[in-house]
Amino acid sequence: MRLYLIFIFQSSIMTQEIFNYLLYAWIAVGIIVFPFLLKKTAPYGRHTSDSWGPMIPNQIGWMLMEGFAPLFISFWFWSGSLQKTNASYFFYSLYISHYIYRSYIFPFRTNTTGKKIPLVITGSAIGFNICNTFIIGYFLGNIGGNFSDEYFFSPQFIIGFVVFVTGVIINVKSDNMLIALRKPGETGYKIPTGFLFKYISCPNLFGEMIEWFGFALMIGSVAAYSFPLWTIVNLLPRALDHHKWYLQKFADYPKERKALVPFIL
C-alpha cells in the first residue's frame with residue numbers, strides 16, 4: 001500500500017512541470033532570505049545566544065540538523081522511477097557520504113562538550129535539509145543524473161569531480177586544524193594559522209562551497225546548482241560574522257586576512 005501511494009504521488013501528482021515550479025520557488029526563497037541572513041547573526045557556535053529559546057547539547061543538535069539528510073535523500077532516490085546507473089549511484093553516494101560524516105562523525109570530533117545550540121537553529125537546519133534532499137533526491141531518482149558509464153570520462157565530469165575533491169580537502173583539512181587548536185578540556189578560541197588561514201578566516205566554509213559547486217558541475221542541472229546557491233546563502237553570512245568576531249576578539253588578528261575568498265572578500 002505504501003509503495004502504491006508513493007507511485008501515485010510521483011507519477012500522477014509530481015510531474016516534472018510541478019517539480020520545476022518547486023525548484024524555482026526554492027531558488028527564489030534562497031535569494032529572498034539572503035539579505036536578511038546578512039543582517040542577522042545566526043546564534044550558534046561562537047555566536048550562541050540563549051535569547052533564541054530552548055537550548056539543546058551542541059553535539060545532539062548537530063546530529064539532528066544533519067542526520068535527517070541521509071534518510072530523506074535515500075527515500076526520494078530509491079523510491080524514484082528513473083532507472084539507476086553507476087553515475088546516479090555515484091552522485092547519491094557523494095551526497096550521503098558527506099552527511100553521514102557531518103551527522104555521526106564530525107560532532108564527536110569537536111571538543112564542544114557542555115556547549116549548547118538553540119533548538120530553533122536545529123529546527124531551521126532540519127527544514128533546509130528536508131527541502132534540499134527533496135530537490136536533489138527527487139531529481140536523481142526521477143529526472144536526471146543517470147548518465148552512462150562513458151560520462152565518467154567526459155570533461156564536465158572530470159572537472160567537476162576535481163573541483164569537488166578540492167573542496168572536500170580544503171573543508172576537512174581546515175576543520176582538522178580548527179579542532180586541533182583546542183586541547184582536551186579547553187573551551188576557548190585561538191587564532192588559527194597556516195594553510196588557507198593565512199589568507200581567509202573561514203577556509204572550512206570556503207571549501208564546502210567549492211565542494212558543492214563541483215557536485216553541481218558534475219551533474220550539470222539547475223536542481224544540482226540550487227545546492228551551492230543555498231550553500232552560499234547559508235555560509236557567506238556565517239563567514240562574514242566569524243571574520244568580524246575574530247577582529248573584535250583578538251587585537252592581534254591579521255588585518256590582511258579576508259573573510260571567505262582570498263584577496264577578495
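How about the stretch 134-174: which of its residues are under 19 Å from the mean Cα position of the chain (by Cα), among the hydroxyl-bearing types (Ser, Thr, Tyr) and farther than 29 Å from Ile200 by Cβ?
Tyr138 - this is the single residue of the stretch 134-174 that is under 19 Å from the mean Cα position of the chain (by Cα), among the hydroxyl-bearing types (Ser, Thr, Tyr) and farther than 29 Å from Ile200 by Cβ.
Any residue at all in the stretch 66-73 that is under 22 Å from His242 (Cα atoms) and not hydroxyl-bearing (Ser, Thr, Tyr)?
Yes: one or more hits.
Among Ile126, Ile136, Ile117, which is the only one that is more than 26 Å from Ile27 (Cβ to Cβ), of a type in the set (A, V, I, L, M) and either modelled with pLDDT of 90 or more or surrounded by 20 or more Cβ atoms within 10 Å (Cβ to Cβ) (or both)?
The unique qualifying residue is Ile117.
For the stretch 95-111, check the following and say yes or no: at least one residue is under 24 Å from Ile27 (Cα atoms), crowded, with 17+ Cβ neighbours inside 10 Å, of a type in the set (A, V, I, L, M, F, W, C) and out of contact with any Asp or Glu (no Cβ under 9 Å at 6 or more places or on another chain).
Within the stretch 95-111 (the criterion being under 24 Å from Ile27 (Cα atoms), crowded, with 17+ Cβ neighbours inside 10 Å, of a type in the set (A, V, I, L, M, F, W, C) and out of contact with any Asp or Glu (no Cβ under 9 Å at 6 or more places or on another chain)), the answer is yes, since at least one residue qualifies.
Within the stretch 14-39, count every residue that is modelled with pLDDT of 75 or more and within 26 Å of Phe77 (Cα to Cα).
Residues meeting the conditions: 16.
How many residues does the stretch 144-178 contain that are out of contact with any helix residue (DSSP H, G or I) (no Cβ under 6 Å at 6 or more places or on another chain), surrounded by 13 or more Cβ atoms within 10 Å (Cβ to Cβ) and in contact (Cβ under 8 Å) with a residue 60 or more places away in the chain?
3
List pairs: first in the stretch 46-71 and β-branched (Val, Ile, Thr), second in a helix (DSSP H, G or I) and modelled with pLDDT of 85 or more, Cβ under 6 Å, 6+ apart or cross-chain?
Pairs that qualify, where the first residue is β-branched (Val, Ile, Thr) and the partner is in a helix (DSSP H, G or I) and modelled with pLDDT of 85 or more, are Ile56/Leu119.
Condition check: part of a helix (DSSP H, G or I), free of Cβ contacts under 8 Å to residues at least 40 places away in the same chain and not aliphatic (A, V, I, L, M). Does Ser226 satisfy that?
Answer is no for this residue.
If you take the residues of the stretch 40-70 that are over 13 Å from Thr110 (Cβ atoms) and of a type in the set (S, T, N, Q), which of them is modelled with the lowest pLDDT?
Looking at residues that are over 13 Å from Thr110 (Cβ atoms) and of a type in the set (S, T, N, Q), I get Ser49.
Inside the stretch 36-80, can you point out the residues that are of a type in the set (Lys, Arg) and part of a helix (DSSP H, G or I)? Give the derivation first.
Restricting attention to the stretch 36-80, the residues satisfying the condition of being of a type in the set (Lys, Arg) are 39-40, 46.
If the condition is that a residue be of a type in the set (Lys, Arg) and part of a helix (DSSP H, G or I), then Lys39, Arg46 are the ones that fit.
Looking only at the stretch 130-148, filter to residues that are of a type in the set (Ser, Thr, Tyr) and part of a helix (DSSP H, G or I); which one of those is farthest from Lys84 (Cα to Cα)?
Within the stretch 130-148, the subset of a type in the set (Ser, Thr, Tyr) is 133, 138, 148.
Going one step further and asking which of them are part of a helix (DSSP H, G or I), we end up with 133, 138.
Numbers: Thr133: 17, Tyr138: 12 Å.
For the stretch 130-148, the residue satisfying everything is Thr133.
Which condition does Thr85 not pass, out of (1) of a type in the set (S, T, N, Q); (2) without any contact (Cβ under 8 Å) to a residue 60 or more places away in the chain; (3) within 23 Å of Phe161 (Cα to Cα), if it passes all the others?
(2)
Since Ile136 meets every condition but one in (1) without any contact (Cβ under 8 Å) to a residue 24 or more places away in the chain; (2) farther than 27 Å from Gln248 by Cβ, which condition does it not meet?
(1)
Tell me which of these Ser11 doesn't satisfy, since it passes every other one: (1) part of a helix (DSSP H, G or I); (2) hydroxyl-bearing (Ser, Thr, Tyr); (3) farther than 13 Å from Asn142 by Cβ; (4) at pLDDT below 95.
(3)
The values are calculated or read from the model by the stated rules, or taken from the named source; none is laboratory data. For clarity, every value in this text was computed on a predicted model and none was experimentally measured. All Cβ positions, even for glycine, are placed from backbone atoms using ideal geometry, and neighbour counts span all protein chains on display.
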